[in-house]
Amino acid sequence: MNALAAALLALAALTLVKATPLIFAALGGVLSERSGIVNIGLEGIMIGGAFTAVCVSAATGSPLLGAVAGVFAGALLAALLAFVATRLAFDQIVAGTGLNIVALGGAAFGLVLVFGQPGASREVPAFGQAGEGVLTVLALVLAGALSLFLNRTPWGLRIRACGENPRAAAAAGIEPLKTRFWSVVAGGAIAALGGVYLSLAELDLYSDGMTAGRGFIALAAVIFGRWTPFGATGAALFFGFFSALQ
């Protein structure tokens, strides 16, 4: 019986480990999509966050500064996507796919440029097990905070209005393009935490392909969770559970 209980606890812990990066990415996707922008670029944003976090952690010796830099990089990549999708009116799917390709190729080139080797970086200062737990708790707290923000605040109402009926929002004095832009940027910053978790908490380095399609799985979690923070979190935990079973 004790062995069974220990196995179940280990499975639960591993489920949280596997689900945490998905939760961050899915929450970023929820915020973006509720404003009316489909963020196919979640994978690229996670890659950008993971790679930047490792580079800054290696340069400064501080994983915290690395995490901040990773979040900033994710916001910048999301801003690029938002500008192309809103101001230039490019197709959102094409823009997001292009972002994924650029991020993947840029990180691969950056490994050679920064670390002098292809495939993977060297080990860098990371958060360790304690930091891994803190980021997992942060992901769950963010789910609750984002739910309150979208459903209980005037700013959340404006974001939802822009996603559901931008013409009515514009008639009410809300700027849909501006609201969508900043929603995607904020969503990118949140999603980048998923990449930071992978490179500085679950591991202590960046390697090509380490996101392994998690951005696309997170996008599926957003849809599976009916575009709500708690629903997306539940879907991410569901996917994390089956990943942990492996």
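Quick one: would you say Gly131 is in a helix (DSSP H, G or I), in contact with a Leu (Cβ under 8 Å, 6 or more places away or on another chain) and surrounded by fewer than 19 Cβ atoms within 10 Å (Cβ to Cβ)? The answer is yes for Gly131.
Within the range 108-138, the set of residues being of a type in the set (A, V, I, L, M, F, W, C) and in contact (Cβ under 8 Å) with a residue 40 or more places away in the chain comprises Ala108, Leu111, Val114, Phe115, Ala120, Val124, Ala126, Phe127, Leu135, Leu138.
In the set (1) surrounded by fewer than 24 Cβ atoms within 10 Å (Cβ to Cβ); (2) within 16 Å of the chain's Cα centre (by Cα), Gly48 fails one condition alone, (1). What about Asn2, is it within 28 Å of Ala244 (Cα to Cα), surrounded by 16 or more Cβ atoms within 10 Å (Cβ to Cβ) and among the polar types (S, T, N, Q)? So Asn2 does not fit the description; no. Consider the range 171-185 and keep the residues that are open to solvent by less than 40 Å² (accessible area, probe 1.4 Å) and either under 19 Å from Leu22 (Cβ atoms) or aliphatic (A, V, I, L, M) (or both). The one that is farthest from the chain's Cα centre (by Cα) is Ile174. Taken together, the residues in the range 163-212 that are among the polar types (S, T, N, Q), more than 24 Å from Gln129 (Cβ to Cβ) and in a loop (DSSP other than H, G, I, E, B) amount to 1.
Residue pairs whose Cβ atoms lie under 6 Å apart, separated by 6 or more positions or on different chains, with the first residue in the range 84-107 and among the β-branched types (Val, Ile, Thr) and the second modelled with pLDDT of 90 or more, are Val84/Ala95; Thr86/Leu177; Thr86/Arg180; Thr86/Phe181; Ile93/Ile40; Thr97/Ile40.
When each of Leu22, Leu31 is tested for being under 29 Å from Phe241 (Cα atoms), in contact with a Leu (Cβ under 7 Å, 6 or more places away or on another chain) and not small (Gly, Ala, Ser), the lone residue that passes is Leu31.
The values are calculated or read from the model by the stated rules, or taken from the named source; none is laboratory data. As the structure is a computational prediction, the values presented were derived from the model and not from experiment. All Cβ positions, even for glycine, are placed from backbone atoms using ideal geometry, and neighbour counts span all protein chains on display. Just the protein is used for accessible areas: all its heavy atoms, side chains included, with ligands, DNA and RNA removed. Shrake-Rupley method; radii C 1.70, N 1.55, O 1.52, S 1.80 Å.
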